[in-house]
Amino acid sequence: DVKVTQSSRYLVKRTGEKVFLECVQDMDHENMFWYRQDPGLGLRLIYFSYDVKMKEKGDIPEGYSVSREKKERFSLILESASTNQTSMYLCASSLQGRAYNEQFFGPGTRLTVL
Amino acid sequence: AQRVTQPEKLLSVFKGAPVELKCNYSYSGSPELFWYVQYSRQRLQLLLRHISRESIKGFTADLNKGETSFHLKKPFAQEEDSAMYYCALREGAQKLVFGQGTRLTINP
């Protein structure tokens, strides 16, 4: 089974703190994604990586950055957390190529910024 | 820009009744569409993809290019179908665009 794990299920941080969310997948997938999941807004893509050290902005990259130093690990960084970044964060991974469109999701990290 | 619209945030039906979750999309080319589901306390997972023309857990979805729709249907709802459902459209080679989601509740 594909397994995508996220470092924390729940996280509480203060405004202005630097926050790291970690995601690891064990199926040698090339693609990795970070989404925000908010009620009424669905899933919105923050960043996407299609290879080590490669990244592409999604729909809502402002206030976030990412790092992919190893194929299996994709980190989301909030440089200075703000209350409007309180949300559920989902990581996903997939193989490349048109035949492999299924994205496999992690359990999510619920981040609260006070 | 490509968009996916799920007009119903909440949908509640009784057990045994038919279910239809609506999804409309805007896309200029040949679309590839998916339904993802998230059951309570579980991770988001693929339910079905239009290209497979499959029925999963009794659910089917037909792509209607004329109406730009990909509605998810099940003839007889079961309580275990209660979940959050997302319609998604493939964008480019690797990415998905998700709709806003519909929370389906099946009443006993």
R0 of 30 Å, Cβ-Cβ distance residue B:8-residue A:112: FRET efficiency to nearest 0.05: 0.60
Reachable lysines from residue A:53, criterion Cα separation under 16 angstrom, eight or more residues apart if same chain: A:70, A:71
Alpha-carbon centroid distance for the pair segment A:36-104 / segment B:9-40, whole angstrom: 23
At R0 = 25 Å, FRET efficiency that the Cβ-Cβ distance of residue A:72 and residue B:93 yields, to 0.05: 0.75
Label-reachable residues, segment A:76-92, where backbone N falls under 12 Å from a point 7 Å from residue A:22's Cα toward its Cβ: A:76
GluC sites (Glu not before Pro) within segment A:21-114, DSSP loop, no more than 12 other Cβ atoms inside 10 Å: A:62, A:79
Footprinting exposure proxy for A:59, B:81, A:28 (fewest neighbouring C-beta atoms within 10 Å first): A:28, A:59, B:81
Pairs of lysine residues in chain B - Cα separation under 24 Å, sequence separation of 8 or more or cross-chain: 19
Per-residue average of Cβ from other chains inside 10 Å of A:42-48: 5
Qualifying GluC sites (Glu not before Pro) in segment B:23-84, DSSP loop, other Cβ atoms within 10 Å at most 10: B:67
Restricting segment B:27-82 to chymotrypsin sites (Phe, Trp or Tyr not before Pro) in coil, as DSSP defines it, with at most 11 other Cβ within 10 Å: B:76
Shape category assigned to chain B from the gyration tensor of Cα positions, a/c cut at 1.5: prolate
Tensor-based shape of the protein assembly as shown (alpha-carbon gyration tensor, a/c under 1.5 rounded, otherwise prolate or oblate): prolate
Sequence-distant aspartates and glutamates (8 or more away, or on other chains) whose Cα lies within less than 13 Å of residue A:13: A:79
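Taken together, the values in this text are just the output of simple stated rules run on the coordinates, not laboratory data. Computed from a predicted structure; not experimentally measured. No Cβ is skipped: glycine too gets one built from the backbone with ideal geometry, and neighbour counts run over all protein chains shown.
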